[in-house]
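The values are calculated or read from the model by the stated rules, or taken from the named source; none is laboratory data. Predicted, not measured: the structure shown is a model, and the values here were computed from it. Neighbour counts are summed over all protein chains in view; Cβ atoms, including those assigned to glycine, are modelled from backbone coordinates with ideal geometry. Calculation scope for accessible area: heavy atoms of the full protein, side chains included, ligands and nucleic acids excluded. Shrake-Rupley method; radii C 1.70, N 1.55, O 1.52, S 1.80 Å.
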Amino acid sequence: MTKEVSILNTNGKQVGRIALDDKVFGVEPNLHVMHMALRRQLNNARSGNACTKTRAEVSGGGRKPWKQKGTGRARAGSLRSPLFAGGGVIFGPKTRDYSFSMPQKARKLALKSALSARVENTVLIKDFSEIKEPKTKLMAEALTALKVEGKVLIIADINAAENSNLELAARNLPKVRIILPSNLNVKDLIEADYLVITEAAILEITERLSK
């Protein structure tokens with residue numbers, strides 16, 4: 001099944017209609033899969049570079065610092081023991097990989113769930129060809145005309161000729177984020193208050209996720 005919705009221009013006026021595929025924009029959101037996809041995205045972004053040395057890895061400490069008995073001090077076999085400054089670290093962090101994988105079908109379901117959950121706060125536009133100059137003021141006026149506010153996620157191909165001024169015009173707006181349709185991800189979809197998607201991006205997303 002499909003549902004027809006309006007396509008606007010950057011002045012907020014209707015310029016056409018488009019059918020949204022229910023297989024992509026009308027599924028029942030699967031919260032568990034969305035949560036898994038979000039965890040995967042956040043985990044895969046972690047560097048995992050924190051690393052400390054154990055007493056076996058720090059340099060020095062080969063000689064027994066003082067004799068076993070008769071000094072009045074506690075027994076010691078190495079100055080690189082964790083008990084001494086400059087010694088090894090007990091149970092410290094080691095380099096590790098936090099990433100984990102998900103099946104492709106599950107990743108697609110997570111994206112479709114996120115898109116379906118945000119469909120009421122989604123605005124579809126033809127393109128950004130009416131922004132003739134790379135000026136922040138023009139982009140702010142367009143967002144006002146489209147009646148979107150708060151955190152706005154724009155999904156568009158910034159390399160297309162009709163969107164040539166989009167990236168520079170939106171760069172100084174702190175609550176606006178732009179991503180390519182190919183970089184669609186659950187984190188950006190659920191964090192945004194509104195989604196602004198171009199017609200070309202809708203067609204690309206539908207083709208990719210409906211397979």
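Below is a table of values for the structure above.
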{"item": "Per residue, in Å², the accessible surface of the chain once ligands and nucleic acids are set aside, probe 1.4 Å", "result": "62"}
{"item": "Positive-pole candidate from ALA85, LEU115, ILE155, dipole of the chain, charges at beta carbon", "result": "ALA85"}
{"item": "Percent antiparallel among DSSP beta bridges (both partners in the chain, rounded to 5)", "result": "35"}
{"item": "List VAL152, VAL176, ordered by accessible area with a 1.4 Å probe, largest first", "result": "VAL176, VAL152"}
{"item": "Range of Cα positions in the stretch 19-124 per principal axis (Å), largest first", "result": "88, 22, 21"}
{"item": "Extended-chain gain in nm, criterion 0.36 nm per residue less alpha-carbon gap, ILE179 and ALA45", "result": "46.5 nm"}
{"item": "Most fluctuating residue given options ARG75, ARG55, ARG96, as computed from a GNM of the chain linking Cα atoms under 10 Å", "result": "ARG75"}
{"item": "Kirkwood Rh (inverse of mean 1/r, distinct Cα pairs), the stretch 113-211, angstrom", "result": "13.5"}
{"item": "Which of VAL5, GLY62, ALA106, positive extreme of dipole for the chain (C-beta unit charges)", "result": "GLY62"}
{"item": "The stretch 90-175: GluC sites (Glu not before Pro) in DSSP coil with no more than 13 other Cβ atoms inside 10 Å", "result": "GLU149"}
{"item": "Whole-number percent relative contact order across the chain, with pairs defined as alpha carbons under 8 Å at least 6 apart", "result": "25"}
{"item": "Reciprocal of mean inverse Cα separation for the stretch 1-81 (Kirkwood radius, Å)", "result": "20.2"}
{"item": "Fraction of accessible area attributable to carbon and sulfur, the stretch 82-211 (%, probe 1.4 Å)", "result": "51"}
{"item": "Potential extension, LYS151-ASP193 segment - 0.36 nm per residue separation minus Cα distance", "result": "14.6 nm"}
{"item": "Option label - semi-axes √(5λ) of the Cα gyration tensor in Å computed here, alternatives (i) 25, 20, 16; (ii) 31, 18, 13; (iii) 56, 21, 13", "result": "(iii)"}
